[in-house]
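The values are calculated or read from the model by the stated rules, or taken from the named source; none is laboratory data. Please read these numbers as outputs of a predicted model, since none were measured by experiment. Heads up, the Cβs are rebuilt from the backbone with ideal geometry, glycines too, and the neighbour counts pull from every protein chain shown. Only protein heavy atoms, including side chains, enter the accessible area calculation; ligands, DNA and RNA are left aside. Shrake-Rupley method; radii C 1.70, N 1.55, O 1.52, S 1.80 Å.
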Amino acid sequence: MEIIDFESIEQQKENIEPLNEGRSAAALKGLFSVPLGDLKKQQLDERSKIEAELESLEELDDPIQPYLDYIQWIKTNYPTGKSVESGLIQVLERCTSQFRDYDFYKNDPRYLKVWLTYAKYSDNPRDIFVYLARKEIGTSLALYY
């Protein structure tokens, strides 16, 4: 196991959004040690692959999983959180709207977590909870309350 030199991420620590599940120091070191131009190209390439996967959701047994993987990928690769560059808000919006009329996902904790993450970044989280209550999304899950 490699010991991480925290000096490599010390300059960036104020810009890193904390996550409930924590962050990997090794992953952060990896992100901050790559030249910015190379990192952006790498992120664009990976984003293109993920977007291509999202185009074939109908073929999957669990079509929400690629969105969940995409959201996690954004959180890992854009440690500053929501930004225009990360596109997190847009992906959250796409995911929530894509599955809002699927009865199967109404009480899926994974889908509710997407909504809660979206509410976290919203200017009016109350409106989101009102919408969730009206559509009965997550209302039978303890996580909702």
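Taking the conditions exactly as written (part of a helix (DSSP H, G or I), basic (Lys, Arg) and either in contact (Cβ under 8 Å) with a residue 40 or more places away in the chain or touching a Pro at 6+ places or on another chain (Cβ under 6 Å) (or both)), does Arg126 satisfy them or not? Answer is no for this residue.
Whenever a residue of the stretch 1-23 is under 29 Å from Tyr121 (Cα atoms), its partners that are surrounded by 10 or more Cβ atoms within 10 Å (Cβ to Cβ) and among the polar types (S, T, N, Q), lying with C-beta atoms within less than 7 angstrom and at least six residues away or across chains, give the pairs Ser8/Ser33; Asn15/Thr80; Ile16/Thr80; Glu17/Thr80.
Only one of (1) open to solvent by 70 Å² or more (accessible area, probe 1.4 Å); (2) assigned to a loop (DSSP other than H, G, I, E, B) is not met by Asp69, so which one is it? Failing condition for Asp69: (2). Considering the conditions (1) in a loop (DSSP other than H, G, I, E, B); (2) exposed (fewer than 12 other Cβ atoms within 10 Å of the Cβ), Thr80 is excluded by exactly one of them, (2). Taken over the stretch 130-139, the criterion of being under 16 Å from Phe99 (Cα atoms) and open to solvent by 40 Å² or more (accessible area, probe 1.4 Å) is satisfied by Tyr131, Ala133, Arg134, Lys135, Glu136, Thr139. Looking only at residues in the stretch 6-36 that are hydrophobic (A, V, I, L, M, F, W, C) and over 19 Å from the mean Cα position of the chain (by Cα), the one that is surrounded by the most Cβ atoms within 10 Å (Cβ to Cβ) is Ile9.
What residue, of Val130, Val91, is more than 24 Å from Glu14 (Cα to Cα) and within 14 Å of the chain's Cα centre (by Cα)?
Details: Val130 fails: within 14 Å of the chain's Cα centre (by Cα).
Checking each option against the conditions leaves just Val91.
For the stretch 94-119, the candidate set comprises residues that are in contact (Cβ under 8 Å) with a residue 40 or more places away in the chain and either acidic (Asp, Glu) or surrounded by 18 or more Cβ atoms within 10 Å (Cβ to Cβ) (or both); within that set, the residue that is farthest from Asn15 (Cα to Cα) is Tyr105.
Test Pro125 against the stated conditions and say whether it is open to solvent by 60 Å² or more (accessible area, probe 1.4 Å) and either more than 30 Å from Ser8 (Cα to Cα) or modelled with pLDDT of 95 or more (or both). Give the derivation first.
Details: open to solvent by 60 Å² or more (accessible area, probe 1.4 Å): no; either more than 30 Å from Ser8 (Cα to Cα) or modelled with pLDDT of 95 or more (or both): yes.
For Pro125, the condition - open to solvent by 60 Å² or more (accessible area, probe 1.4 Å) and either more than 30 Å from Ser8 (Cα to Cα) or modelled with pLDDT of 95 or more (or both) - is not met.
Which of the residues that make up the stretch 83-123 are of a type in the set (Phe, Trp, Tyr) and not in a loop (DSSP other than H, G, I, E, B)? It would help to see each step written out before you state the result.
Taking the stretch 83-123 as the starting set, the residues that turn out to be of a type in the set (Phe, Trp, Tyr) are 99, 102, 104-105, 111, 115, 118, 121.
Passing the criteria: Phe99, Phe104, Tyr105, Tyr111, Trp115, Tyr118, Tyr121.
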